[in-house]
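Worksheet: one structure, shown below.
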Amino acid sequence: MKHVLKYVTLAFLTLIILSTITALPTQALNTKTANAIIVKEIKTSRDAWGTIYFNQTFYVDVILDVTSEIPGPKMSIAMVYGGTTYELNATRIGTTYTYRVWLNITDTGELHVYEADPTTGKISTKETITPRPTLEEGDSLTFIAYGKQVTLTVSHQTPTIKALITEIIESANIINVTDWELTAPDLNYGPLTLDNYTDAKNISVYIYKEGATPPSTPQLKVEAYETDTNSGVFKLKGWLKVATNISDEFGVSAGDTLILNFTVPKYPGASEYDSVIVKLSVVKVPTVTITTDRKEIPLSPVPVKDNGGVVLYINVTDYSVTGPTTTIDLRMYTRGGVPVNASKVPANELYYDTSRSPLTFVASTGILELTLTRIGDTHTFGGQVVINTSILDKPEYIGGWLLLNYSGTTSKLYLKVYSASLSTNATTVKYGDVIEIKLYDPERNLNTTAKDKVDVTVDGADQTYITLTETDVNTGIFVADITIGVNITGVLPGASFSVSYTDERSPRTPETAEKFLTDSYTLTYSVQSFVGSVKTDKTTYGPYETVTIIVNDWDANRDPTSEDTISKDKIFIIIGAKQIHPPDDAVETDVNTGVFEVEVTPDYLYKEATGETPATLKDAAKYLLQAGNILVMYSDDYTPEGPKVLQTSFSYESYDPQIITDKKAYNIGDKMNITIVDPDANVNSDTIDSVTVILKSTSYPVGTEVTLYETDVDTGVFTGTVIVSDTQVGAGYIYAKFGDIITIEYTDELPADFGVTGEAKTYCW
């Protein structure tokens, strides 16, 4: 127990025995009782491994279903060991559906049981268990509650180590195992705390050449820190520095294998150890290399504070480093080879990390020491830095360089300005057109692993700028697809707008200049205007028909993603000397069509032209039939020749009826089917209309009135039936004798010539 963490030992020593646990019949708590307690599952803190081991603390959770009855602050569960069943008290944690009991196995195998704190769920009061089990390797504990169970076996988990490297150079003088990963579930003493082993006696490392006799004493003691609670995974910390190199120290050379034998306690405080072997291949000293994501550094004018700055990725491959990190020096120079130090630029404004926090170089030398981190299990170390090139604002930096110095191995990256260009696929456009704006400027390629963005200026539109996005990582080409009327709005037909970009650091700048020259690029776009047109869906209409006015004008298609409108004030209807407007704005038939429609009903035309509301639809029809040609005009404000008024006309017309019978002669008792075809009588297109005819015979000249009904809505065809009878008079009959002539009379209030005569006509058949 001497290696167990002190705070755990003290906790055990101060526990108070409050109750006694006794052995129960084997089947205790094995099945549901008559109550409504429903257990969803049983979980333990050792479920990741399914095992337990010596000098270890763990808990068992009984989780009830949300529909379960709550048995109170405690519930009994069964633990079966070696044919004996024990009743354990599990404590409810807060207001959850979880009941918990704690257990501890000592280094001698004695099993102790503890209650859980009802608020925190942590280990609390110790209980007495009778008879007390003493566990051995291979034993198992089974926990049972209301039909659910889980089993943990006393079994050792063999530890493993994941090394950061697989090779080591023969001239290396340091063996660094820091951040190597040890997986040892049985060193996970408690599930709620981080188990750290800082006593250097816990884990030892014996280092020797493969095939040679291992040393009797370890050359290295390391510490272990658990990466997360209840993980059983530890980061190691420790290194060995030899006098000269590993070749001299251990007698190895290229092609040999260096053995690192880690002795890891089998459990906390154990005197027995596992041996974990890590093999490193010994190699000759390879050349140290420096690689970067770019060969030149653009002198971008965008400050770090505006999300600017040039991101530089640096990789160093060095087999001599066995630890997790190394460092490289960065130093900036002007074209004349003058170091950039605090006398030239502020020391806290040149270098930044990727979170835009400043990195300070040594003021007197201008050197930044940048930490590089090992990439995976390779011998390559990587890092990145943001260079605030905006403060290198004098032409003397053109042709300057950034020197990377890694223990004498150097790489020089020159500072450069680039030419820019701004182009497009079209400059004459109309609403709905998609144009591409393309900028080429490597100075704005700030990060080679991300698509950068650039804003260009817009004049003459609602927008003041457009954001261009790099076509791919590390291209320096930026584009945006712009839809006229969506991304560019507020430009009238026939007008223009411009897109411009200023390259603030021109390559035309002379080396002797005091400041950078600038280059400006501008694209001018003309928005076309078109001559519209106006028409109606027909040129003539029946007395009750609705007129659809259709305006075709692309200039009014201002937003190609929505249905635009044309104000009703731009559309005029001339009836006689009266000028009126439609009742509503004309609405685009669909998105991006440039075709607009508005409907006008006869009663609306009558009311607007006369100032009166028609008593019936026929009153409106009579008026419109006598109105003659009705003029429709559209005021097109934008055409290539200037504003224009466009026009069309329509008129109303009426029709003479047709009277039809199913036969030419009838016998007494026959049914007579009568049909009237009169489009003018189709007063309401949404309902079935009716007309009236009068049937007379030679024997019954007074006649009978018969109502005919429209065959369907909006047909203008009316039918009805009567019976020819020589005995009956009245509804549904026409009185007649053999030899009589039967006459059908129909009065058409709107005959074909009503527009001229203004009078009704009666038709006979």
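A short reminder: the numbers here are calculations on the coordinates, not readings from a lab. A quick note: this is a predicted structure, and the numbers were derived from the prediction, not measured. Cβ placement follows ideal geometry from the backbone for every residue including glycine, while neighbour counts extend to all protein chains displayed.
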*Step through the residues of the stretch 238-251 one at a time and calculate ³J(HN,Hα) from phi using the Karplus curve (6.51 cos²θ - 1.76 cosθ + 1.60, θ = phi - 60°), rounding each to whole Hz and writing x for Gly and Pro.*
x, 7, 10, 10, 9, 5, 10, 7, 5, 5, 6, 6, 10, x
*Sorting 285, 311 on the 10 Å Cβ count, fewest up front, what's the list?*
285, 311
*Run down the lysines and flag those whose C-alpha is under 18 Å from the C-alpha of residue 148, throwing out any fewer than 8 positions away in its chain.*
32, 40, 43, 74
*Using a ≥ b ≥ c from the Cα gyration tensor of the stretch 658-764 (square roots of the eigenvalues), is it rounded, prolate or oblate, where a/c under 1.5 gives rounded and otherwise the larger of a/b and b/c decides, a/b for prolate?*
prolate
*Using alpha-carbon positions, what is the distance between the centroids of the stretch 656-697 and the stretch 702-759, in Å?*
5
*For 267, 525, 206, what's the fewest-to-most ordering of other Cβ within 10 Å of each Cβ?*
206, 267, 525
*Please report the orientation-averaged projected area of the stretch 314-415, defined via the convex hull of its C-alpha atoms, in nm².*
6.6
*Using a simple charge model, +1 on the beta-carbon of Lys and Arg, -1 on the beta-carbon of Asp and Glu, nothing else, what dipole does the stretch 149-254 show about its Cα centre, in debye to the nearest 20?*
140
*Which lysines, on any chain, are close to residue 235 with Cα under 26 Å apart, when same-chain ones fewer than 8 places away are left out?*
2, 6, 122, 162, 201, 209, 221, 266, 279
_Loop-only GluC sites (Glu not before Pro) in the stretch 508-586, please: DSSP not H, G, I, E or B, and at most 13 other Cβ atoms within 10 Å._
511, 514
*Can you give me the relative contact order of the chain as a percent, contacts being Cα pairs under 8 Å and 6 or more apart?*
6
*Quick one: which of 535/570; 535/761; 394/438; 241/295 span more than 26 angstrom between C-alpha atoms?*
535/761; 394/438; 241/295
*Go from 0 up to the bin containing the longest alpha carbon distance in the stretch 421-527, width 10 Å each, and give me the % of pairs per bin.*
15, 42, 29, 12, 2
*How high is the FRET efficiency between residue 475 and residue 239 when r is their beta carbon distance and R₀ equals 41 Å, given to the nearest 0.05?*
0.40
*Would you kindly work out the equivalent ellipsoid of the stretch 369-454 from its C-alpha gyration tensor and give its semi-axes, the square roots of five times the eigenvalues, largest first in whole Å?*
38, 20, 10
*Residues of the stretch 274-312 with amide N under 16 Å of the 7 Å Cα→Cβ point at residue 353*: 312
*asked:* Can you find, among 700, 764, 682, the residue sitting farthest towards the positive end of the charge dipole of the stretch 658-764, where Lys and Arg contribute +1 and Asp and Glu -1 at Cβ?
replied: 700
*How many lysine pairs does the stretch 587-742 hold where the Cα atoms are under 28 Å apart and the two sit 8 or more places apart or on different chains?*
11
*Leaving out same-chain residues fewer than 8 places away, which aspartates and glutamates sit with a Cα under 17 Å from that of residue 344?*
393, 396, 514
*If a/c stays under 1.5 just call it rounded; otherwise compare a/b with b/c (prolate if a/b is bigger, oblate if not). Do that for the stretch 257-373, with a ≥ b ≥ c from the square roots of the Cα gyration tensor eigenvalues.*
prolate
